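K.L.:
Take a look at this one; I'll ask things after.
Throughout, read-outs are computed from the coordinates displayed, never taken from laboratory work. Predicted model, so just to flag it, every value in this text is computed and none were measured. Counting neighbours? That spans all protein chains shown, and the Cβs are built from the backbone with ideal geometry, glycine included.
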Amino acid sequence: MFTGIIREIGVLRGLSPRGDVLRLAIAAPRTAASARLGDSIAVDGICLTVTDARPGVFAVEAASETRRLTTLGNWRAGRRLHLEPALRAGDGLDGHYVQGHVDGSAKVLASRPARGGGRLLTVSLATPLAAYLTPKGSIAIDGVSLTVDEGPFIDRVTVNLIPHTLAVTNLGLLRAGDVVNLEMDVLVKAARGAGRVAYPEMTTRDAPAAMPAASLTLERVRALGYGAARRKARP
């Protein structure tokens, strides 16, 4: 789990394929100093696992499905990357809940000046993804936690990049035609997706003969002996 608050800008030093897996070496002194094997790090919003770490540089690996759903397939050495280590117990939740599971990529439609030195960034939005945004809700673009400023509309959304965000991320460098990673707000996805989930129904045939599926109660569970064995096992 992440927050969408970028902790460091890393530089992609190299990419090396290993069968179906692509290994990425990333130079990032602060992140590498605390990285351990198996740690999760969000790289431009993509949750990847640390497979090697040494002073100043760490490595992660990405499978073909990750490259298919994200912008990673177009990355080249020298690219500047947003980095965020996984949220730990006790850390402040300053952004919003971000899983690092990219929902899809989007094309930048416009980047224009805003009042106060910020910028308004508009990106395309696949119609199915629009259902998982809400006015003034959250969205992660290349791993950065942002608030919906205009829309969401059926095919696009606009966010407001304040001067601080421009200073600590790469988003101010984006121009029309660039492609970014999108992750919708996980809480909105859970709330609006719950009614669409079809769970398989348990039938009487699937349930134990002495316990009809339609009448599972605490009394019936106890009648079948569950819980009794646990009490007998106590000294």
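K.L.:
Please report the net charge: other residues with Cβ closer than 13 Å to the Cβ of Thr3, K and R +1, D and E -1.
P.N.:
-3
K.L.:
If you take every residue apart from Asp20 with its C-beta less than 14 Å away from the C-beta of Asp20, what net charge results, scoring Lys and Arg +1 and Asp and Glu -1?
P.N.:
On the way: positive: Arg18, Arg23, Arg67, Arg68; negative: Glu61, Glu65.
Charge balance near Asp20 sits at +2.
K.L.:
How would you order 90-97, 127-134 from highest to lowest mean count of nearby Cβ atoms within 10 Å? List each step's numbers first, then the result.
P.N.:
Details: 90-97: 12.9, 127-134: 16.2.
Averaged packing, sorted descending, gives the order 127-134, 90-97.
K.L.:
Please give me, ordered by residue number, the trypsin sites (Lys or Arg not before Pro) of segment 1-95 that lie in loop per DSSP and have at most 12 other Cβ atoms within 10 Å.
P.N.:
Arg36, Arg76, Arg88
K.L.:
Please check which bits of segment 145-163 a label hung off Asp94 would reach, taking the label as a point 7 Å along Cα-to-C-beta and the cut-off as backbone N under 20 Å.
P.N.:
145-148, 160-163
K.L.:
How large is the convex hull of the C-alpha atoms of segment 1-83 per residue, in Å³?
P.N.:
Here the figure is 87 Å³ per residue.
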